[in-house]
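Each remark here refers to the structure printed beneath this line.
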């Protein structure tokens, strides 16, 4: 799993790379089998949709779920990010986003790095987003939408939206989005479970409400260059991690074979990780 | 504009027919030029989105706007409906739905005839929905989604949703939608401005939120067989019309040439048409 020069050039130009079906059905099943158990738990890491019990996002499963702890060390996901940054990476944020059938609400237009700089004092945009599809993504279950090349503008002015959904977000105003789309258009990668998207942490993205009867569960990992670790601990640790230890990859078969992984939060979230 | 036997068979099987670019850009411009003036008016016919000033739906423009009064009599739209019903039709409902850029909210899964039977006591599903695109419809601006063949089940049980959006709707529960989609799938016709969809008034449909910077304004006309006129006048007349006079078509060039049309509500909505 090494990116070639055309892929690197494309990433720099458009801000994302799409790898359809990078993980096999057998590998993904190990993860999807675990999701209902995770979403059923009542712990602070499960943020539910406004006015519904559906899970909008689950945080930090790599610290209390064995399959997701193995995914967090998967070379097919980690190595290309290390290659692009030219250094080791640590896990800044780990989410399983529900975007559940019927109940999955919108994510407004935003840049992830905007939040990390404002809230977490991450020095540079040297953190990568990785999305891994646990369900098929099609035109009806609210795929991620990207504005290609929008990452080239760096951090764009944003306002803190505390009301639209159940999760606060630094969102970009309509005039700016219209101008960006006029230049770059919109793309929405679709594909089978096991597909992966790498996208720049300044790439502007959003997704609409999922009215379909198909869940669109995805894992979103944010891998930060170790030298670029966050400086401010304003958000709870289960949202913005403070362990900057470089990720050590497991072998390529780590989803289908059971490797030993630490699960420090298996018996509950430490009190210190819940408050800011 | 006469449907052939394959089209009729297809309509009966799938519940809809799609005619891309049926109206020309010049014809559609006559309508789109009029929309901002209509949406800017403060009259009861403009229903705005929850928490925004954007127009969700405008009712009865054919009674106070010259271009839309001409559209309401257009043979390319009226004749195929008369052909399918084998009798004259009247205008049961006339809407311009905004689904505006950024602000356009969801329409939950529903059947139109469900509402017309429950609220208006329309005897049979002998009323046709016609959607005419005033903007391009693409995968990003929240196209109408249909469940093909769902019209064959007749009226499906529904609950009155008074809270999700700014407009009350009889909506169908998630389990039923999942079962219908498992059989029929979902389709979302896309195309240039001027495209037209005819769809059965029992066809289950929905549309998601429009997060794109592109408006998706459409005209929705509901043409009812004259013998099937509504019996109950529970909803205001601007929503469910009580004039059962058969539509008389204008010539085919009626959008680009100025024919004389009555505009009875030009100076305001009659008080009797606003209350139930």
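The values are calculated or read from the model by the stated rules, or taken from the named source; none is laboratory data. The shown structure was predicted, so the numbers you read here are calculated from the model rather than taken from an experiment. A quick note on method: Cβ atoms are made from the backbone with ideal geometry, for glycine too, and the neighbour counts reach across all protein chains shown.
Side notes on the structure shown:
- Note on the stretch A:126-139: residues that are farther than 20 Å from residue A:55 by Cβ and within 14 Å of another protein chain (Cβ to nearest Cβ) amount to 2.
- Extreme residue, surrounded by the fewest Cβ atoms within 10 Å (Cβ to Cβ), among residues of the stretch B:167-219 that are in a strand (DSSP E or B) and within 14 Å of another protein chain (Cβ to nearest Cβ): B:187
- Subset of the stretch B:234-268 (residues that are in contact (Cβ under 8 Å) with a residue 60 or more places away in the chain, out of contact with any strand residue (DSSP E or B) (no Cβ under 8 Å at 6 or more places or on another chain) and under 16 Å from residue B:91 (Cβ atoms)): B:235, B:236, B:248, B:249, B:250, B:254, B:261, B:262, B:263, B:264, B:265
- Residues that are under 26 Å from residue A:82 (Cα atoms), exposed (fewer than 14 other Cβ atoms within 10 Å of the Cβ) and modelled with pLDDT under 95 occur in the stretch A:252-260; there is at least one.
- Residues (within 14 Å of another protein chain (Cβ to nearest Cβ), assigned to a loop (DSSP other than H, G, I, E, B) and in contact with a helix residue (DSSP H, G or I) (Cβ under 6 Å, 6 or more places away or on another chain)) located in the stretch A:140-154: A:147, A:148
Yes or no, residue by residue, for (1) surrounded by fewer than 23 Cβ atoms within 10 Å (Cβ to Cβ); (2) in contact with a helix residue (DSSP H, G or I) (Cβ under 8 Å, 6 or more places away or on another chain); (3) within 14 Å of chain A (Cβ to nearest Cβ); (4) assigned to a loop (DSSP other than H, G, I, E, B):
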residue: B:102; (1), (2), (3), (4): yes, yes, yes, yes
residue: B:105; (1), (2), (3), (4): no, no, yes, yes
residue: B:108; (1), (2), (3), (4): yes, no, yes, no
residue: B:117; (1), (2), (3), (4): yes, no, no, no
residue: B:124; (1), (2), (3), (4): yes, yes, no, yes
residue: B:156; (1), (2), (3), (4): yes, yes, no, yes
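- Residue under evaluation residue B:163, criteria (1) assigned to a loop (DSSP other than H, G, I, E, B); (2) over 16 Å from the mean Cα position of the chain (by Cα); (3) within 23 Å of residue B:122 (Cβ to Cβ), criterion not met: (3)
- Filter pass, residue A:15 being touching a helix residue (DSSP H, G or I) at 6+ places or on another chain (Cβ under 6 Å), at pLDDT 95 or above and more than 24 Å from residue A:212 (Cβ to Cβ): yes
- Where helices (runs of 4 or more DSSP H) sit wholly within the stretch A:1-82, those with at least 2 residues that are surrounded by fewer than 18 Cβ atoms within 10 Å (Cβ to Cβ) occupy A:5-14, A:25-32, A:35-40.
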